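The values are calculated or read from the model by the stated rules, or taken from the named source; none is laboratory data. Because the structure is a prediction, the values reported are computed rather than measured. A quick note on method: Cβ atoms are made from the backbone with ideal geometry, for glycine too, and the neighbour counts reach across all protein chains shown. These accessible areas exclude ligands, DNA and RNA; they are computed on the full protein's heavy atoms, side chains included. Shrake-Rupley method; radii C 1.70, N 1.55, O 1.52, S 1.80 Å.
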Amino acid sequence: MFVPNDFIRFRELSVSYAVPERLAAQYFKSRSVTFVFSGRNLGVPWTRFPGLDPESNSSVNNTGGGNNDFFSAPLLRYWITRVNIGF
């Protein structure tokens, strides 16, 4: 069975904030401080695929046939918070 596999995936969004140098020196005793907040695998805003996720595949080791998305979990959505401090 063949199905259309057209899709658009929203893979990653990242937002960063650089603390002004004066405040970084005063509060963090450093040259620079940057806060970064990012999210990955945020969703599939458009797809013609009838299943849950067009990239999910439960038979990765199957070298003789096509993909199988039956009982396969979609990619996990996760969030990352990061602080960069430059001395």
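To keep it simple, each residue is scored yes or no on (1) at pLDDT 80 or above; (2) open to solvent by 90 Å² or more (accessible area, probe 1.4 Å).
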position	(1), (2)
Ser16	yes, no
Pro20	yes, no
Arg31	yes, yes
Val36	yes, no
Gly39	yes, no
Phe70	no, yes
Tyr78	yes, yes
Gly86	yes, no
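For beta carbons closer than 6 Å, sequence separation of 6+ or different chains, a first residue in the range 22-38 that is assigned to a helix (DSSP H, G or I) and a second that is open to solvent by less than 30 Å² (accessible area, probe 1.4 Å) and of a type in the set (S, T, N, Q), the qualifying pairs are Ala24/Ser30.
Please verify whether the range 50-60 includes one or more residues that are open to solvent by 50 Å² or more (accessible area, probe 1.4 Å), at pLDDT 85 or above and not basic (Lys, Arg). No: the range 50-60 contains no residue that is open to solvent by 50 Å² or more (accessible area, probe 1.4 Å), at pLDDT 85 or above and not basic (Lys, Arg).
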